[in-house]
Structure formats: structure tokens, C-alpha cells
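Comments concern the structure below.
The values are calculated or read from the model by the stated rules, or taken from the named source; none is laboratory data. All values derive from a computational prediction rather than experimental measurement. So basically every Cβ, Gly included, is an ideal-geometry build from the backbone, and we count neighbours across all protein chains shown.
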């Protein structure tokens, strides 16, 4: 109907910019008249592909992942790929079961958001894998995310710029790569400010309840501190609530800062000062990188770090008298 070869029709549908306008119009007029649609399943069968990408999460209920998933889905949809989400819940057996989709050919590649390197025997040779957000200690797995060391350094520096000197870092869970990087950035900022002796950490976690537990420790063991930089937003909110329940005003008596800028950060009371990660863009970049690897482009040799920002809200305040440290709690 279009008066061109099958190959030209294919080019017009797959890469319309490489054919002439006249040819493109003829092909799309024929598509409109016939109601033709591309048989994606047949395309994938011909290319020996499943047309599916595996996305592995440690906790699907965590709101942090929503915008990353949105970015992944947007790019995957444009490429006519399907997303298969696997939720490990931190369990090795579930992780292994999800990875079976790579061995049995149901998925062409994987995006890992759980910070775990998959066992080598569960990933066939040549299957592309990429980590997102939580860096994996591996020279063979490319990474897309935020420079957590630099972001934590900037967060701590922000509190220092507000006059705070006795700043406690509330860490993430032990053994987590985000915990290591964000703790490293905090210590680097305190050392550069000449406050190495003031640096202190409290072992925390990434949940609201972890934060509430930390608030009790702050009140009992860190009464000279005036601010806390928390490893994520959810734990920061827990710290704030725990302090409020003990009668401590945030930020009047104590400043709290988070990390991630999840949706709830802007509506929590007080609104949370935090590190904004470009999560949607991270998801897009990761999916674009995986697509390139699926088309046999070389895997990136180093991590791809995207921009981060400090978002100042109501949970932090200027320390008006920095020479007077500590909260007067009777």
C-alpha cells in the first residue's frame, strides 16, 4: 500500500527520522488505513529477546523508589520493553528466585536497587546488570545514582553554615553501602571544619521507628548536640517525632536534617530539610544505560553520579548563639 519495500517500512516504523518525509508519510498513511500495529512479541522472538527487564527492589513499600521506578518505566515503555518488578524483602532466597528470570530467559537484563551483587551462577554470561542508588562493591557492575559521599559532605556543611558545631550523624543500617558513604561524607566535613573531636554517630536505620529509638539516645547521651544529620528522610522524621514527644522543639531547640527528599518530606511537620536526589532522572539514566548495554554497547567503566541539591525547609534553624551549645532539658 505504501509502495515501498518491507525493509523501508521497518525503518520508517523503528527509526522514522532516517527515511524521507514522503516515504514516512506514505508508510504512516498505510498504517492508519489498515490499523496495523507492530507485533512486539514477534520482534523479540526474531531477536531472541524476552522484551522484559528485571527491576529488583529490597522493599517495594519504601516510597523512595517510586520516582526511580517512574523514570525506568518511562524509558522502557518508549523502547517497547516490559518491566518485571521483584521484591526481595531482604531475603536471599527470594533474591535467588527472582534472578531465575535471567537464567530461564524471561528477562533480558536487570536493574538492581537492593545493593547486592547477584551470585555469579545465577546470571548467564553476557546478560547486562546495573546497580541503582545503592552502590555494589564490584568492578563489573556499572552504577547510576548520587555521589553519597559528596552529598553527605554538603549536608553536614549546610548545618555548619547555620552555626551548628556539635552535629550528630544518625547512620543507616550496618553494612549498607549508603551508610558507609554518607558516614564518610559527614566525617570529612567535620574534619575539614576542624571539628573532628565534635564528630559523633548513633547507629540508626532507615525506618521511622529507628529514628524514634535514636531520639531517646540523643536525649540521654548527646545533650550537648544541637543538630542531627540523618542517613535518610524516614529516620529523620522518626527522630523529630521522638524529640517532639519528649517536649523538644524542632527546630527551636534542635535541628534535624534528612536525605532523599521523599514526597512526605515536604508535608511532614515541620517540613524536612534534606538532600534532594534526582530520582526520576536516575531511573531514566539507568534504563537508558541498560538499553545501550542490551544493544552491545560497552558497559560504563565508572559510576554515573547525577546532581543533588540541598533543600532547606523548616526542620533546621540558624544557631543564633553558637558559643552556647546544648539544649536546656530539665
Test: residue 145 is surrounded by fewer than 16 Cβ atoms within 10 Å (Cβ to Cβ) and either at positive phi or modelled with pLDDT of 95 or more (or both) = no
Identify the residue in segment 1-40 that is without any contact (Cβ under 8 Å) to a residue 40 or more places away in the chain, within 40 Å of the chain's Cα centre (by Cα) and part of a loop (DSSP other than H, G, I, E, B) and, among all such residues, is farthest from residue 76 (Cα to Cα).
-> 19
Just to be sure, is residue 167 within 26 Å of residue 133 (Cα to Cα), in contact with a strand residue (DSSP E or B) (Cβ under 7 Å, 6 or more places away or on another chain), assigned by TED's automatic domain parsing to the domain that holds residue 240 and without any contact (Cβ under 8 Å) to a residue 60 or more places away in the chain?
-> no
Residue check for residue 115: at pLDDT below 95, out of contact with any strand residue (DSSP E or B) (no Cβ under 9 Å at 6 or more places or on another chain) and not in a helix (DSSP H, G or I) | no
